């Protein structure tokens with residue numbers, strides 16, 4: 001399959017990412033309060049949460065004459081950008097961005113786009129995932145995705161990112177406020193980076209009568225560390241005390 005797609009030159013880089021031992025050690029040190037202080041490179045206060053679920057306003061976009069603004073082109077643009085919290089985009093969210101389009105009409109627009117993609121032999125298609133949609137590569141292009149993600153996986157995580165991953169892994173679901181309290185500093189910017197890298201995901205919940213955003217690890221997190229489930233996370237006597 002790799003030869004057919006011309007992927008021979010995409011050789012996987014050595015995986016110099018964080019190990020399970022480093023992750024568990026970071027969590028134990030955080031809980032004991034022995035983590036040495038460090039500078040969070042590029043960490044800035046997190047931007048305020050947008051009022052709507054999707055931060056796209058097609059009415060305000062500049063439209064190129066070669067690409068007319070239609071329900072189908074808006075749908076394609078939304079799915080290309082994807083949900084800011086890395087979730088499938090639901091029909092009701094998409095319909096809110098279009099005038100005169102009902103959520104039940106989105107399914108037909110998806111069907112039309114997939115027919116166009118198939119006719120033009122595009123390497124991607126729209127897939128139904130749970131109650132929403134994603135724009136994804138076709139299965140035959142999976143080797144390309146694996147090679148490219150292998151390069152991303154090899155990127156070294158900062159110590160701040162490792163600490164946050166450790167906290168979420170061992171205490172999920174957990175809110176940003178709780179993470180900030182454990183670390184003693186703001187974590188919003190790094191949390192956003194980890195969500196974009198698909199190592200963390202966000203879910204909404206009601207806690208003590210108020211709506212909050214909680215963080216969990218993802219399937220990609222398990223794949224990165226070679227785990228079948230979170231039950232395989234290393235445990236130590238130090239952790240048992242917390």
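The values are calculated or read from the model by the stated rules, or taken from the named source; none is laboratory data. Treat the numbers as computed from the prediction; the structure is a model and nothing was measured. Cβ atoms come from the backbone with ideal geometry, glycine included; neighbour counts cover every protein chain shown.
Structural remarks
- Within segment 195-213, the set of residues being outside any strand (DSSP E or B), at pLDDT 90 or above and either touching a helix residue (DSSP H, G or I) at 6+ places or on another chain (Cβ under 6 Å) or over 18 Å from residue 159 (Cα atoms) (or both) comprises 199 only.
- The conditions of being touching a strand residue (DSSP E or B) at 6+ places or on another chain (Cβ under 8 Å), modelled with pLDDT of 80 or more and either in the same structural domain as residue 186 (by TED's automatic domain parsing) or farther than 30 Å from residue 183 by Cβ (or both) are met by residue 91.
Every residue, every condition in (1) buried (at least 18 other Cβ atoms within 10 Å of the Cβ); (2) more than 18 Å from the chain's Cα centre (by Cα), yes or no:
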residue: 170; (1), (2): yes, yes
residue: 180; (1), (2): no, yes
residue: 186; (1), (2): no, yes
residue: 194; (1), (2): yes, no
residue: 214; (1), (2): no, no
residue: 221; (1), (2): yes, no
residue: 224; (1), (2): yes, no
residue: 232; (1), (2): no, yes
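- Flag for residue 168 being in the same structural domain as residue 28 (by TED's automatic domain parsing), within 21 Å of residue 87 (Cα to Cα) and modelled with pLDDT of 95 or more: yes
- Residue within segment 118-134 that is buried (at least 17 other Cβ atoms within 10 Å of the Cβ) and either at pLDDT below 85 or farther than 26 Å from residue 211 by Cβ (or both) present: yes
- Filter pass, residue 139 being surrounded by fewer than 18 Cβ atoms within 10 Å (Cβ to Cβ) and at pLDDT below 90: yes
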